[in-house]
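To start, the structure under review is shown below, and the notes come after it.
Readers should treat all values here as calculations from the given coordinates under stated rules, not as data from a laboratory. Note that the structure is predicted; figures quoted are calculated from it, not measured. FYI the Cβ positions are ideal-geometry reconstructions off the backbone, even for glycines, and counts take in every protein chain you see.
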């Protein structure tokens, strides 16, 4: 017996046990509502998606071509549309496709203060609220898709088409949910380790199976691609990693995933000199990267901070801001040190924030980490903050120069110029961009590729194009040709926006509740029928 039919029988037994007063309740309608509400709580979602992510991590360890991907989103509708599109274009499967929740986009688009920079100034509650919103929309996508299958099943029954009934029954029983893992950005924890733990619980309860945290100072946090980043000693960061793990375990999400991000490559500052308990410990190594000068006691000034380094008195260079600076050129060494320490402290995945997308640079650091921890793997930000076109054209230019190939037709500093778009160099650069994710998964240990802010940019671009046409000479044709006709031709579900908002599901429920007395919206006068 199918799962669906078994649920019907179980509900029938419950109804029968309640006696005549429940006779008006239809068991199949209840079974349909239950199927459309597979996940009852955010913790159900977190446990389910954590298992998916763990299985994907194991699959990647066995075969690096099985890397995973996600796109950042700032609204539930955006996330829903991504998963609907993926199911449409990839055989109904969302396998190895996730969602990314970007702190940058929460700050820029979801704060009550209005648009904010990525500095953890937005309300921390807006992050779990967005997780809950994303999963509300994904669950609605399930309900809508199953509702369509139920209507097809009813039509097949009315037509007496048993083969069609069996086909649709199989689709119902084997329905793949739109609910996928979300990698959620908790910034630098929004405070101390207790604040990190409390926020983590809210995010997990909302459905997050994976939390990403960075090693910056919480109250000095900057976007990873801007200047002025300040890191914390490892003891401070590892306390927050443990806070995340305790939150997962307390809530019963034993497979919860932690991504430890290091911003050390671009962070030349620290707020603290690390505590050293014994020579060679993590604090001692952290301090070894500081830019210091050897001094004598009599050379000390009032208020100087000094410490013993290998038997010598040294003074770290302190800026007017009170921050200490690291020696230039130590970024990669600090990243490797950060990564090894984070994995040993319980992180599952790494994130190295870089200034450019370069497989060799990333792979060089990951290979050093893997000398210590062989299965180390990364989440990598395929960031819109990079000028991908210019970076890869310059990478090709440099490679060709090293090979002795003639590059005299190109000006390296001007390679973004549209005049180069149809050149051999531009074609090779585009090929490298196209294969970047597969190449980096194979050669740089990247398990998960994400784009942090894609829908921020697509919304801006599409709105610009629509406004240009609609308010220009094209008028209404600007919308019809540029939007609606393309929606129809490409089978975009939201062309039927009433259906997407739940109108048909509401009609189903009205029929369950009121029977033939139901006043439904989907009659012949519904203009959405024009898109059938």
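Annotations
- Over the chain: helical MRE at 222 nm, DSSP H runs n ≥ 4 each giving -39500 (n - 2.57), nearest 500: -15000 deg cm²/dmol
- Taking the average, over residues, of other Cβ atoms within 10 Å as the packing measure, peptides 437-447, 306-316 rank 437-447, 306-316 from highest down.
- DSSP beta bridge pairing in the chain, given as percent antiparallel to the nearest 5: 25
- In the set (i) 24.2, 77; (ii) 27.6, 99; (iii) 29.0, 88, the label that goes with Rg and Dmax of the Cα atoms in Å computed for this structure is (ii).
- Relative contact order computed over segment 305-451 (Cα-Cα under 8 Å; 6+ residues apart), in percent: 25
- Part-to-part distance (alpha-carbon centres) for segment 256-321 and segment 42-103, which is given in Å: 40
- Annotation: peptides 184-197, 485-498, 423-436, ranked by per-residue average of other Cβ atoms within 10 Å with the highest first, follow the order 184-197, 423-436, 485-498.
- Using alpha-carbon coordinates, inclination of helix 331-344 to the longest axis of the chain, degrees: 60
- The DSSP beta bridges internal to segment 247-395 are antiparallel in roughly 65% of cases.
- Segments 244-257, 65-78 sorted - mean Cβ within 10 Å per residue, highest first: 65-78, 244-257
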